[in-house]
Amino acid sequence: MRRFVTLAALFLCSVPFGISISGCHKATFINYCNGGDTGPELGQVATLVLNPALYGLTINEGEISQANLVNAYDCRGNGVPATFTFSSSNSSIVDVQPSTGRFCGGTWNRNTGPIPDYTYCTSNGNAGLAYMYANAGATSNPLPIYVHPIVTSVVLGLPSSNCLTDPATNCSPAAVSAASTSSTSQTACTMAANGCCTTPITATVPPYGNSCLSQGATAQLAGRIYAGTGASQSNISCQVGHLQFSPQNANTVTIDENGIATALQPGSTLVAALINEASSSAGYFSTCPPATITLAVPGTGSASPTNVIVNQNNQQVLTAVVTDTNGNQLTGLSLEYNSTSPTIFRGISAGDVAPIFPGAAAITAVCQPPLCNPAPYNEIGLNGNGTPITSNPVQVTTPGTNSTVLFIGSTQSRYIVPVDFTTNTVGSPVQLPFIPNSMVLTEDQSTLYLGSSTELMIVNAPSTTFTRGDTTISGSVLSVSPDNTVAVITDPVRKLIYLYNIATNANGTGTLLSSYGGVATSAQWSPDSQQVYIANGNQLLVFSRDTGWNPVPLATTTQNIVVTVPSVGAYLSGATTTGISYCPSTTVNGPSTGTPPTTTNIFYPVADNSAATTDQLAATNDGLHILGASLAGPTLSDLRVTLPTTNACPATITPGYFQSTDTPHPLTGIVPTGITGIFPASDSSVAFITYTGTGGVLPAYTPSATGTGSLSNVPLLINGAPAPTSVAPVAGVFSLDNTTFYAGTSGDNQVHIISKSLMKDTGVIAPKLLDNNGNLVVPNLLAQRPKAIP
């Protein structure tokens, strides 16, 4: 019994730790990295990674930053918690706060009385490279930290990671500066411990933005980094770590974390460099712009202006082939397709045209900034970015006829009379609140805008009913944009020119988009509605939706403006007839050390000076003629023009960029007191001239595509007999299908119907417009609205 008790006591004394008399517990299992029973354990810190491990960090002398991208892993790569301490390989360059990882490009304050340690950093002038380490039972990778003088500028154009070197002169600043502006093939290098440059590598980059990359091409971007300004400026690229680049316009270029740029859509964009955790403008990147746009009908094999017949409501595809300045084909461009007759071809998309009425038009494709080939304002013209380019025109004819609703008004009457030629009836007069001074029908045929000295009057065209008046604006309506959104109105009383947003707001009124001082006499829009040319005495005003108002001084006073076909500019009437280009004339400034190039531009420069004296102008849709008529003589001038189409804008525009040859024709058989208009048919077959004065005839000019055109007179008839010379055509408008010209005449106060095919006056309309005293007045406001024949 005594032996049994002794054994029990020994057993109890030998119970392992963790077993109590209340029960037994299993021993703790330890996972070792090697799967055995000894060595490092899972969950213990084995590796520390301090990021950004590859490129490191960079700070100015005297600055404070933080290393907080440190991760701890065990032997199998699992993340584990850890408490870190930090150290520096050279505390005279990078002074580290051990407990936090904050570091100073100089020396931390220590033992400075009431101010806590590690509060402020003092530069000690020791720029260079040092390494930071994190410690937590293991030591991290070395994190490079570059300390350098304060960066004042970064210039795009050299390998970004380190510096440019000339090994023969051991990185002398003079060699660095000279080489940096001399070649597109630059030499990059890494930085040795002594702060100089070694290990040359080659990278081909666009220096300073003075060249471009074709779509899809790649290049290593680079940046030169400067400290100081003026005479004290120095290149510190060798002392600075990795740069990251970010484009302002991601549609132009993408840039990866290694600085590899891939060119996308044509254009130029600002590129910012990220250094010291701050963004700095470094320069510009250029994707090569279009050099040519060739528009053609598929299957014709034609690369020149093409004539094509497209039946009403049928679709015709046009193809645009675009090549850049390096001769490479471009794809995916945001081209605009424009028509000289938006009423016939509405909403052209991706080159698909579908005429909704008979008629003719010239179709062009345009790369128009900012939608296509954009550029920052002070880079417009550099490498050709920021400038437009237009294709050759394709002439589209839609056979057939349509009926017409003719609106007849007068600047002496409060009435408008509609005439529907579908039923050959003269409608009831529509009374307006005030006597109009102008009348313009929108291209979508929905609305008539009539100006007056009191208010803008608005008439619904399909129903011919007065809709409303806008008393916030008054003056003469000169034109409405082809996209039916903006009207140009001039107020001679207030001497202001308005751009009036006719898209109505919630109150049913339009809004003022912009205004400019002056009294305008003519306004013509580009077919894409992006810019409008306005005659303002001895000044041309151009409003661009991209660049805003652009006043252009003129040598002589101009009265009338016409946009060229294709719309590469405009011509202005005057003592001399002046051609204006939509291409800017560009001067490149720089580059200089530490500064990328910029441009200054003369917008809408003179491209042609013709000796022809003109009062009124018109352009034919075939792009061959600018027709001008002058009271002096009187004379009709046919300027046969050669316009630069399909080609990119040159750097400099001078007279002769547009070429013209004037053939004058005496206007015989009339005694005009003023020329009121020139009206070409949309198929360019004939143009009629209207005037005030006496004559009894309608002058008609037939231009020639190859030789000299001919001028004739169409006799005006009353009851089949020649009209007296007191009858003169003062206003006119073509039917959309080009079959009929309507001429409002003084002397008999009627509208004469001219058959284009017969070149004959076939009848008259008596609108019987009355002034406030009940007297018949001249129908000098005309507009036509096409109507399908039932």
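Some notes on this structure:
- Listing of strands (runs of 3 or more DSSP E) fully contained in segment 612-666 that carry 2 or more residues being in contact (Cβ under 8 Å) with a residue 24 or more places away in the chain and in contact with a Pro (Cβ under 8 Å, 6 or more places away or on another chain): 616-619, 625-630, 635-642
- Among the candidates I473, I458, I497, I489, the residue that is of a type outside the set (S, T, Y) and over 24 Å from Q530 (Cβ atoms) is uniquely I458.
- Condition broken by A365, with the remaining ones in (1) surrounded by fewer than 22 Cβ atoms within 10 Å (Cβ to Cβ); (2) in a strand (DSSP E or B) satisfied: (1)
- Residue in segment 266-283 that is farthest from V147 (Cα to Cα), counting only those that are in contact with a Pro (Cβ under 6 Å, 6 or more places away or on another chain) and assigned to a strand (DSSP E or B): G267
- Failed criterion for G351 (all others in (1) at pLDDT 90 or above; (2) farther than 18 Å from D483 by Cβ hold): (1)
- Candidates S453, S463 - the one that is surrounded by fewer than 16 Cβ atoms within 10 Å (Cβ to Cβ), touching a residue at least 40 places away in the same chain (Cβ under 8 Å), over 23 Å from the mean Cα position of the chain (by Cα) and within 17 Å of G409 (Cα to Cα): S453
- Here T152 does not qualify as modelled with pLDDT of 90 or more, open to solvent by 60 Å² or more (accessible area, probe 1.4 Å), touching a strand residue (DSSP E or B) at 6+ places or on another chain (Cβ under 6 Å) and farther than 16 Å from A67 by Cα.
- Against the criterion of being out of contact with any His (no Cβ under 7 Å at 6 or more places or on another chain), open to solvent by less than 20 Å² (accessible area, probe 1.4 Å) and in contact (Cβ under 8 Å) with a residue 40 or more places away in the chain, A728 qualifies.
- Residues in segment 20-72 that are modelled with pLDDT of 85 or more, open to solvent by 40 Å² or more (accessible area, probe 1.4 Å) and assigned to a strand (DSSP E or B): T47, V49, I64, Q66, N71.
- Number of residues in segment 103-128 that are at pLDDT 90 or above and either within 44 Å of the chain's Cα centre (by Cα) or assigned to a strand (DSSP E or B) (or both): the value is 7.
- Taking residues in segment 203-230 that are within 17 Å of P376 (Cβ to Cβ) and at pLDDT below 55, and partners anywhere that are assigned to a loop (DSSP other than H, G, I, E, B) and open to solvent by 20 Å² or more (accessible area, probe 1.4 Å), the pairs with Cβ atoms closer than 9 Å and at least 6 places apart or on different chains are P206/T184; P206/C212; Y208/T181; Y208/G590; Y208/P591; Y208/P596; G209/P591; G209/P596.
- Taken over segment 469-490, the criterion of being under 27 Å from S428 (Cα atoms) and exposed (fewer than 15 other Cβ atoms within 10 Å of the Cβ) is satisfied by T471 alone.
- Selection within segment 592-611 - open to solvent by less than 40 Å² (accessible area, probe 1.4 Å), of a type in the set (S, T, Y) and part of a loop (DSSP other than H, G, I, E, B): Y604
- Between L643, L627, the distinction of being over 29 Å from the mean Cα position of the chain (by Cα) and of a type outside the set (D, E, K, R) belongs to L627 only.
- With respect to the conditions (1) at pLDDT 95 or above; (2) acidic (D, E); (3) over 24 Å from I435 (Cα atoms); (4) out of contact with any His (no Cβ under 7 Å at 6 or more places or on another chain), D771 lacks only one, and its number is (3).
- Residues that are in a strand (DSSP E or B) and open to solvent by 50 Å² or more (accessible area, probe 1.4 Å) within segment 705-717 comprise S710, L711, S712, N713, P715, listed in sequence order.
- Per-region count, segment 720-769, residues in a loop (DSSP other than H, G, I, E, B), within 24 Å of T343 (Cα to Cα) and aliphatic (A, V, I, L, M): 1
- Some residue of segment 581-591 being among the small types (G, A, S), open to solvent by 40 Å² or more (accessible area, probe 1.4 Å) and free of Cβ contacts under 8 Å to residues at least 24 places away in the same chain: no
- Some residue of segment 371-394 being free of Cβ contacts under 8 Å to residues at least 40 places away in the same chain and either closer than 27 Å to S341 by Cα or of a type in the set (V, I, T) (or both): yes
- Residues (open to solvent by less than 20 Å² (accessible area, probe 1.4 Å) and either over 30 Å from N307 (Cβ atoms) or hydroxyl-bearing (S, T, Y) (or both)) located in segment 613-633: T614, T620, S630
- Test: H665 is touching a strand residue (DSSP E or B) at 6+ places or on another chain (Cβ under 9 Å), within 30 Å of P355 (Cβ to Cβ) and at pLDDT 95 or above: no
The values are calculated or read from the model by the stated rules, or taken from the named source; none is laboratory data. Note that the structure is predicted; figures quoted are calculated from it, not measured. All Cβ positions, glycine included, derive from the backbone under ideal geometry; neighbour counts span all protein chains shown. Quick note on the areas: whole protein, heavy atoms, side chains included, nothing else; ligands and nucleic acids left out. Shrake-Rupley method; radii C 1.70, N 1.55, O 1.52, S 1.80 Å.
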